[in-house]
Amino acid sequence: MIWIDVLVQGILLGGLYALFAAGLSLVFGIMRLVNLAHGDLIVFAAFAILLITGTLGLNPFLAALLAAPLMFAAGWTLQRFVLNRVLGKDILPPLLVTFGLSVALQNGMLEIFSADSQRLSVGRLESASIDLGVVTVGTLPLLTFASAVGVIFVLNRIFYTTALGRAFRAVSDDPTTASLMGLNPKSIFAIATGLAMVIVTLAALYLGMRSNFDPSIGPARLLYAFQAVIIGGLGSLWGTLAGGAIIGVAQTFGAQINPEWQILAGHIAFLVVLLIRPRGLFPRAVD
């Protein structure tokens, strides 16, 4: 019975990792851009939510609603005026720019918020649980996983049923031809990054409610996101959910055997999947 509980808890943990990874997968699928500052942007969004809750006295969910458009604007501006300048066939310039952004964000947050750990308080929701008979699951982890499924479902609907989604696919496949058809790839890329930052805000909300955070934890969140994206297959959003679940299950099983093995077990699962399926489980150009 205990191993069923471990399995369920691992899958629910994977929902958080899928939220970390969804924005990264979106940006890569459209622009082939690996944003090394992605984890630090999640932490930045968490501090933004914390600042809004402290200033306006709102609960974290309402604060996230206010932070989301601000993060969209920040992502749009970053892509439109910085990252678009370095996109091209050479992948090194975007990597260097986003690495520099990562360093700047970490040090900026350290100066503003200090190195102290913070947490978003949601009262009873932190300890609330639901008895399913076989297992008991936390309400917050269950809500996290449901949100991850919802985000990925909505993103897929945007991609395949809206004009914006057609624009995303067009500029991803052939920016030059898309521009001849009246699309502005730079503006479409900026919208995509803004949308990714909205997802980042949601990921930051659950990160802050489920665990402590401080300015230094961004790179670890990036690592989990990157592993989930690679396991699922580059550009595959549903694959990202599967990748997050695999990492989460591996970590909970590792922690059950030996608490010191939790993080290591996730890395081993990542390597095993790469050995079996080097391109990931569900590799697609854009999904």
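Does S216 satisfy being modelled with pLDDT under 90 and within 21 Å of G39 (Cα to Cα)? Before you say what the answer is, go through the steps one by one.
Numbers: modelled with pLDDT under 90: no; within 21 Å of G39 (Cα to Cα): yes.
Against the criterion (modelled with pLDDT under 90 and within 21 Å of G39 (Cα to Cα)), S216 does not qualify.
Taking the condition over 22 Å from L234 (Cβ atoms), under 12 Å from the mean Cα position of the chain (by Cα), modelled with pLDDT of 95 or more and of a type in the set (A, V, I, L, M), does A68 pass? Step through it out loud before you land on a result.
Numbers: over 22 Å from L234 (Cβ atoms): yes; under 12 Å from the mean Cα position of the chain (by Cα): no; modelled with pLDDT of 95 or more: yes; of a type in the set (A, V, I, L, M): yes.
Criteria not met by A68.
Here is a list: G23, G15. Which entry is within 24 Å of F145 (Cα to Cα), in a helix (DSSP H, G or I), touching a Phe, Trp or Tyr at 6+ places or on another chain (Cβ under 8 Å) and touching a residue at least 60 places away in the same chain (Cβ under 8 Å)?
Checking each option against the conditions leaves just G15.
When R32 is evaluated against the numbered criteria (1) at negative phi; (2) touching a residue at least 12 places away in the same chain (Cβ under 8 Å), which criterion, by number, is the only one it fails?
(1)
Residue-wise test of (1) among the aliphatic types (A, V, I, L, M); (2) under 27 Å from L125 (Cα atoms).
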{"position": "D174", "(1), (2)": "no, no"}
{"position": "L183", "(1), (2)": "yes, no"}
{"position": "S187", "(1), (2)": "no, no"}
{"position": "T193", "(1), (2)": "no, no"}
{"position": "F213", "(1), (2)": "no, yes"}
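Going through L183, L207 one at a time, which residue ends up being hydrophobic (A, V, I, L, M, F, W, C) and part of a helix (DSSP H, G or I)?
Details: L183 fails: part of a helix (DSSP H, G or I).
That would be L207, the only listed residue that is hydrophobic (A, V, I, L, M, F, W, C) and part of a helix (DSSP H, G or I).
Across segment 258-268, what is the number of residues that are under 14 Å from G248 (Cα atoms) and touching a Gly at 6+ places or on another chain (Cβ under 9 Å)?
7
Quick one: A74 ticks every box in (1) surrounded by 15 or more Cβ atoms within 10 Å (Cβ to Cβ); (2) of a type outside the set (D, E); (3) modelled with pLDDT under 95 bar one, so which box is it?
(3) is the only condition that A74 fails.
Conditions first: (1) at pLDDT below 95; (2) of a type in the set (S, T, Y); (3) farther than 25 Å from V273 by Cβ. T240 passes all but one, so which condition is the exception?
Looking at each condition in turn, T240 falls short on (3).
Being surrounded by fewer than 24 Cβ atoms within 10 Å (Cβ to Cβ) and either at positive phi or among the small types (G, A, S) (or both) is the filter here, so list the residues in segment 211-232 that pass it.
Those that are surrounded by fewer than 24 Cβ atoms within 10 Å (Cβ to Cβ) and either at positive phi or among the small types (G, A, S) (or both): S211, S216, A220.
Taking segment 114-164 as the search range and keeping residues that are of a type outside the set (V, I, T) and in a strand (DSSP E or B), which one is farthest from Q9 (Cα to Cα)? Even if it seems obvious, please write down each step before you answer.
Initially, segment 114-164 is screened for residues of a type outside the set (V, I, T), giving 114-121, 123-129, 131-133, 138, 140-143, 145-148, 150, 153, 155-157, 159-160, 163-164.
Going one step further and asking which of them are in a strand (DSSP E or B), we end up with 118, 129, 131, 138.
On the way: Q118: 24, S129: 12, D131: 13, G138: 9 Å.
Checking each candidate, the answer is Q118.
Testing G235 on (1) out of contact with any Ser or Thr (no Cβ under 9 Å at 6 or more places or on another chain); (2) assigned to a loop (DSSP other than H, G, I, E, B); (3) of a type outside the set (A, V, I, L, M, F, W, C); (4) within 29 Å of L271 (Cβ to Cβ), one condition comes back false. Which one is that?
Going through the list (1) out of contact with any Ser or Thr (no Cβ under 9 Å at 6 or more places or on another chain); (2) assigned to a loop (DSSP other than H, G, I, E, B); (3) of a type outside the set (A, V, I, L, M, F, W, C); (4) within 29 Å of L271 (Cβ to Cβ), G235 breaks only (1).
Scan segment 85-107 residue by residue and report those that are out of contact with any Lys or Arg (no Cβ under 9 Å at 6 or more places or on another chain), exposed (fewer than 15 other Cβ atoms within 10 Å of the Cβ) and either assigned to a helix (DSSP H, G or I) or among the acidic types (D, E) (or both).
Scanning segment 85-107 gives R85, D90, L92, L96, F99, G100, V103, A104, N107.
So, in segment 155-190, exactly how many residues are over 18 Å from L241 (Cα atoms) and surrounded by fewer than 19 Cβ atoms within 10 Å (Cβ to Cβ)? Let's see the steps before the verdict.
The initial filter retains those residues of segment 155-190 that are over 18 Å from L241 (Cα atoms), namely 160-190.
From what's left, surrounded by fewer than 19 Cβ atoms within 10 Å (Cβ to Cβ): 160-166, 169-170, 173-177, 179-184, 186-187.
Selection size over segment 155-190: 22.
The values are calculated or read from the model by the stated rules, or taken from the named source; none is laboratory data. Quick caveat: nothing in here was measured; it's all calculated off a predicted structure. Cβ atoms come from the backbone with ideal geometry, glycine included; neighbour counts cover every protein chain shown.
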